[in-house]
Amino acid sequence: MQKSKSSRIIGRLYGAGDVVEVQVDALSGKITSITPTNEESELIILPGLVDLHTHLRQPGQENSETIATGSRAAAAGGYTCVHAMANTIPVSDTASSVEQTARIGDEVGLVEVRPIGAVTKGLNGVKMAELGAMAESNAKVKMFSDDGKCVFDPLIMRRALEYVKAFDGIIAQHSQDPRLTENAQMNEGALSSKLGLQGWPAVAEESIIARDILLAKHTGSRLHICHLSTKGAVEIVRFAKSQGINVTAEATPHHLYLSEEELAEYNPRYKVNPPLRRREDVEAVQQGVIDGTIDIIGTDHAPHALELKYCNFQDSAFGMTGLETALRVIDAVFIKTDRLTWRDVVRIMSEKPAQIVGLSSQGQELKVGNVANICVYNPNAESEIVPEEQYTKSTNSPFKHKTLPGEVVATFYRGRQTHGG
Ligand SMILES: [Zn+2]
Ligand SMILES: [Zn+2]
């Protein structure tokens, strides 16, 4: 926390136009002026990023991450708001549990931590959780998900979709047919056969996405598809949108950058759910982001302590960290290849995620009088990723030893600097 009440930031708004000076006031938490300047700057000024898919591991797995360490990692990645998935121990499935998460997030004060409520009690897939109570709680939950597990029972899924309509809620589905993925370790195909690992077929993801889209159409409710990863999944969502069905979709940085080839040496660092797919899937998911079929980037930041991740491949936990590298990966995949502009990146990493969950307090628009939630980024920097030096408590970054462009040089949350010098 800085002591002075006012900060000035020099750079280009949304990465375009002339260099400006932005004044931020820590007491009011607002942008107080934006004025042209003759100073030179290579920095770009973006609204604070919003993640709809973060695993913070508290309560229950504080040796992997806590709300405090995850918030610090989020700030280091340029985020000012994260949504905490419900698969903690115990599961976040009551009004008091979601209020507790929001309250600890407020006490830490580095980002806005908004809880996601479970769809079913204890993620058991059988009995619906108290969705209404969580929505009406002080945490004002909008998004519900059993992420980590799929809501497999179509009747429960239908009832949940119908139920959240009353308060404009949304169901975020982890699309994975559990029967088709029993003991599955990696993408099913030639490589899984060669490596002798149990395959995870694309159809296990796509069949659930197709079913849920039809349920969303039938109920007229809002459906959000987490971390889609296959070419077929992109095609199904594209079709649904052409039919006017109310569905939004998310892709992760790792599915946009890495393919199953990373698994050739059985390194559990690359084990994730859904699995890394073929290069042609990666390219189809990229195309889905470019043409707007995929609405947002969600990190699926999934920290795991060493003993959970670095054991033999079969026993290793699924998941990768992502908060501190997400913006840089998106820069590498889309900006450095001239396929998206910074304006587009703001849309998929800040504006649209905020819109999906009805956030009004995040100040996605950089203008005088708005909340000063700001990410300052240097697109000309470049460095190798060293997980041991990151703020997250866990070291399971899939970008270890890889060089990524960019650097988040500062983050401001409600006018206070939460990252950078
Ligand atoms: Zn998931
Ligand atoms: Zn997840």
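If the cut-off is 29 Å between C-alpha atoms, which lysines fall inside it for Lys336, apart from same-chain ones fewer than 8 positions away?
Candidates past the 8-residue exclusion: Lys231, Lys241, Lys271, Lys352, Lys367, Lys400, Lys402.
Describe numerically, in nm with one decimal, the distance between label points set 7 Å from Cα along Cα→Cβ at Val386 and at Asn312.
It is 3.4 nm.
For helix 231-242, report the angle its Cα long axis makes with the longest principal axis of the Cα atoms of the chain; keep it between 0 and 90° and round to the nearest 10°.
The helix 231-242 is inclined about 70 degrees to the chain.
As I understand it, the value is the acute angle between the Cα axis of helix 67-76 and the longest principal axis of the Cα atoms of the chain; what does it come to in degrees, rounded to 10?
Orientation of helix 67-76: about 60 degrees from the principal axis.
Set the Förster radius R0 to 41 Å, insert the Cβ-Cβ distance between His401 and Arg211 as r into 1/(1 + (r/R0)^6), and round the FRET efficiency to 0.05. Mind dumping the intermediate values first?
Working: r = 39 Å, r/R0 = 0.96.
Here the calculated transfer efficiency is 0.55.
Under the 0.36 nm per residue contour assumption, what length would be gained going from the current alpha-carbon distance of Asn138 and Glu265 to full extension? All intermediate terms of the calculation are to be shown ahead of the outcome.
Details: separation 127, 0.36 × 127 = 45.72 nm, distance 4.75 nm.
Length gained, Asn138 through Glu265: 41.0 nm.
Using a basic spin-label model with each label point 7 Å from the Cα along Cα→Cβ, how many nm lie between Asn38 and Asp106?
Modelled inter-label distance: 4.8 nm.
Compute a Gaussian network model of the chain, connecting alpha carbons closer than 10 Å, and tell me which residue from Ser360, Ser350, Ser175 fluctuates the most.
Comparing Ser360, Ser350, Ser175 in a Gaussian network model of the chain, the most mobile one is Ser360.
Could you check what % of the DSSP bridge pairs in the range 1-126 are antiparallel, to the nearest 5? Kindly include the intermediate steps, with their values, before the conclusion.
Working: 13 of 23 bridges.
Restricted to the range 1-126, the bridges split so that about 55 percent are antiparallel.
Counting DSSP beta bridges with both partners in the chain, what percentage is antiparallel, nearest 5?
Looking only at bridges with both residues in the chain, the antiparallel portion is about 55 percent.
Using only the alpha-carbon atoms, how far is helix 154-164 inclined from the longest principal axis of the chain? Give it as 0 to 90 degrees, nearest 10.
That helix lies at roughly 30 degrees to the long axis.
For the range 138-191, state which trypsin sites (Lys or Arg not before Pro) are in a DSSP loop and have at most 10 other beta carbons lying within 10 Å of their beta carbon. If you can, show how the numbers build up before the last one.
Numbers: sites: Lys140, Lys142, Lys149, Arg158, Arg159, Lys165, Arg179; in loops: Lys140, Lys142, Lys149, Arg179.
Sparse-neighbourhood loop trypsin sites (Lys or Arg not before Pro): Arg179.
Quick one: if the Förster radius is 30 Å, what FRET efficiency do Tyr14 and Gln243 give, using the C-beta to C-beta distance and rounding to 0.05? Before the final figure, lay out each step's value.
Numbers: r = 32 Å, r/R0 = 1.08.
Once the sixth-power term is evaluated, E becomes 0.40.
Sort Tyr266, Tyr79, Tyr377 so that the residue with the fewest other Cβ atoms within 10 Å of its own Cβ comes first and the one with the most comes last. Intermediate results must be reported in sequence, preceding the final value.
Details: Tyr266 16, Tyr79 34, Tyr377 25.
Fewest to most other Cβ atoms nearby, the residues stand as Tyr266, Tyr377, Tyr79.
Taking every pair of alpha-carbon atoms in the chain, give the share separated by more than 37 Å as a whole percent.
On the way: 15656 of 88410 pairs.
Tail of the P(r) past 37 Å holds 18 percent of the pairs.
We did not get these values from a lab; they are worked out from the coordinates using the rules stated. None of the values given here were measured: they were computed from a predicted structure. Counting neighbours? That spans all protein chains shown, and the Cβs are built from the backbone with ideal geometry, glycine included.
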